[in-house]
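Input: a single structure, listed below in structure tokens.
Quick note: the coordinates plus some simple rules give every number you see, no bench work behind them. Please read all numbers here as calculations on a predicted model, not as lab measurements. No Cβ is skipped: glycine too gets one built from the backbone with ideal geometry, and neighbour counts run over all protein chains shown.
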Amino acid sequence: MNFLQDSLAGFLAREHRIVIVDITATKGSAPRDEGTFMLVAPTDIYGTIGGGQLEYAAIENARKLLADAGGAAKLEIPLGPENGECCGGRVDLRFTFADEEARKTLDKRLADEERQKPQVWIFGAGHVGRALADALTLLPLNVFVVEARETALDQLTSEVHHRFAALPETLIADIPTGSAVVIVTHDHALDFRIGTQALQRKDLAYIGMVGSHAKRGTFLHHLDEQDMPRSEAERLVLPIGGSAVDDKRPEVIAAMTASEILLVFAKWRRDNT
């Protein structure tokens, strides 16, 4: 079993005999939604349909199919006490062999999902920027890190998109609608330039900046001097991560900010669909 799961592309390249397990319908409470899938190979799996007895039964059935030892093409699994579950709902599963055509469909599905992921643009690859990049890469997001210092980009440890820009603020205009912008550079003046450009965009889901309440006051005064309406300036989240946890360690700020961004993206989807 691979506990450090590789990418879908890596899994498909490594495993030659695979059953695709799709959730085709749910009723009542269920751990995952319709459209969720996992892949089952003889000794490994990719993804999850929710864990617990539901997933155990799905894996067992898929491996029976792989071993030509029975197994069903479809299962309807109740999520009640009889199966050691307490959700109270029901999940319908479909099992198909991953032939060449199915693998192409998986590749296309993954590409479509990748395009639909919200984007987060982190300006700055210092301690907080790196911690935030590490936190966000675990989530269904596309993460970009922008830096004016090439040496700082070299210190990134997570699999994110790198962007070197001598004038980072010039990239703001090209960020897709509905994205999040997080400003955590090494320079307050640069923060303010990027923040000013970002706030001129009314179609960004989130604009946040690292700092203190004093920094917020200074930046709002700067925006007043730029004749920016206070209603627009108030869209800025500063400090990022909120004040519920009084801890300034980069990893804690990153965790709180990641939660903040996810909540904003959920609201953005509700408001724009």
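At-a-glance table
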read-out	value
Between helix 250-271 and the chain: long-axis angle, C-alpha atoms, 0 to 90°, nearest 10	80 degrees
Nearest 10 degrees, 0 to 90: helix 52-66 Cα axis against the chain principal axis	60 degrees
Share, in percent, of DSSP beta bridges within the chain that are antiparallel, nearest 5	50 percent
Relative contact order for the chain, counting Cα pairs under 8 Å that sit 6 or more residues apart, in percent	13 percent
Between helix 100-116 and the chain: long-axis angle, C-alpha atoms, 0 to 90°, nearest 10	20 degrees
Size descriptor, Kirkwood hydrodynamic radius, that averages inverse alpha-carbon separations across the chain, Å	21.2 Å
log10 of Debye I(q)/I(0), alpha-carbon scatterers only, for segment 13-106 at 0.20, 0.21, 0.24, 0.25 Å⁻¹	-0.92, -1.00, -1.25, -1.33
Evaluated over segment 77-226, the Cα radius of gyration and Dmax, each in Å	21.0, 67
Ordering of 253-262, 117-126 by packing [mean C-beta count within 10 Å, highest first]	117-126, 253-262
Cβ-derived FRET efficiency at R0 25 Å, A244 paired with L220, nearest 0.05	0.65
Spatial separation of Cα centroids for segment 27-58 and segment 202-217, in angstrom	39 Å
Ordering of 171-184, 211-224 by burial proxy (mean other Cβ atoms within 10 Å per residue, highest first)	171-184, 211-224
Ranked by how many other beta carbons lie within 10 Å on average, peptides 154-160, 188-194 from highest	188-194, 154-160
Inter-probe distance in nm under a simple model that places probes 7 Å from Cα toward Cβ, at S7 and S231	4.5 nm
Computed FRET value (nearest 0.05) for T105 with D154, which takes r as the C-beta separation and R₀ as 41 Å	0.60
